[in-house]
1. Which numbered condition trips up GLY100, out of (1) surrounded by 14 or more Cβ atoms within 10 Å (Cβ to Cβ); (2) assigned to a strand (DSSP E or B)?
2. With assigned to a strand (DSSP E or B), closer than 28 Å to VAL87 by Cβ, touching a helix residue (DSSP H, G or I) at 6+ places or on another chain (Cβ under 6 Å) and among the aliphatic types (A, V, I, L, M) as the only criterion, which of VAL166, VAL118 stands out?
3. Any idea which of GLY58, GLY32, GLY39 is in contact (Cβ under 8 Å) with a residue 24 or more places away in the chain and not in a loop (DSSP other than H, G, I, E, B)?
4. Quick one: which residue in ALA70, ALA63, ALA77, ALA112 is in contact (Cβ under 8 Å) with a residue 24 or more places away in the chain, more than 28 Å from PRO183 (Cβ to Cβ) and assigned to a helix (DSSP H, G or I)?
Amino acid sequence: MMEIVLPPQGKGPGVLVVHPWWGLNQTILSYGATLAQQGFVVALPDLFDGAVTTDPAGAEKLADATWPQAVPKLTAALDELSRHPAVTQAELGAVGFSFGGFQLLRLIGPEAPNLRAVVAYYAAHVGNFNSGSTKVLAHFAETDAFDGPEEQRDMAEALAAANAGVTLLHSGTKHWFAEADRPEYDAAAADLAFGETVAFLKAHL
């Protein structure tokens, strides 16, 4: 199952929003609804088949169990979104948080030719950026135990070498800074990142 949220005008470019390792919780559903208000048809796939947690150990187990199926599930979700009658163009966008962002970065390549724009929140991965069809915006936290300065630098250099996108470092933030239900939440940084995300998606879709 995949929830679809329509924009006020009823039609628009399609954007996939992929949850972090906590699962498809209310925070991500609310983010998807807010993004739809900006003119996008937003699809919210559930990679964990209904499972949601707030416990890091439980979340890690969910992520590990889902890892082999994550990219195929996202490929299927993109295909479903592309065929939705409210989607107005073949090129699609995607936004992913942590685990979800990492899986989207893994997806970039010939298997997802219609994936035109990816926004990854606090997820670093040197993907197939040379494929030429996908542009990337990465929001990095300044202090991140999962994706530290070395991983962030490697991804920034790979994006620059492929002319495939940019990274933004949000000062004073930690991993999960854009998720309102987390203690790491930073409202000002989250709002700034959201504005940059909307501008990036509108520029490429």
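Taken together, the values in this text are just the output of simple stated rules run on the coordinates, not laboratory data. This one's a predicted model, so the numbers in the text were calculated from it and none came from an experiment. Here the Cβ is made from the backbone with ideal geometry for all residues, glycine too, and neighbour counts use every protein chain on show.
1. It fails just one condition, (2).
2. Numbers: VAL166 fails: touching a helix residue (DSSP H, G or I) at 6+ places or on another chain (Cβ under 6 Å).
VAL118 is the lone residue from the list that is assigned to a strand (DSSP E or B), closer than 28 Å to VAL87 by Cβ, touching a helix residue (DSSP H, G or I) at 6+ places or on another chain (Cβ under 6 Å) and among the aliphatic types (A, V, I, L, M).
3. Values: GLY58 fails: in contact (Cβ under 8 Å) with a residue 24 or more places away in the chain; GLY39 fails: not in a loop (DSSP other than H, G, I, E, B).
GLY32 is the lone residue from the list that is in contact (Cβ under 8 Å) with a residue 24 or more places away in the chain and not in a loop (DSSP other than H, G, I, E, B).
4. Working: ALA70 fails: more than 28 Å from PRO183 (Cβ to Cβ); ALA63 fails: more than 28 Å from PRO183 (Cβ to Cβ); ALA112 fails: assigned to a helix (DSSP H, G or I).
Within the list ALA70, ALA63, ALA77, ALA112, the selection yields ALA77.
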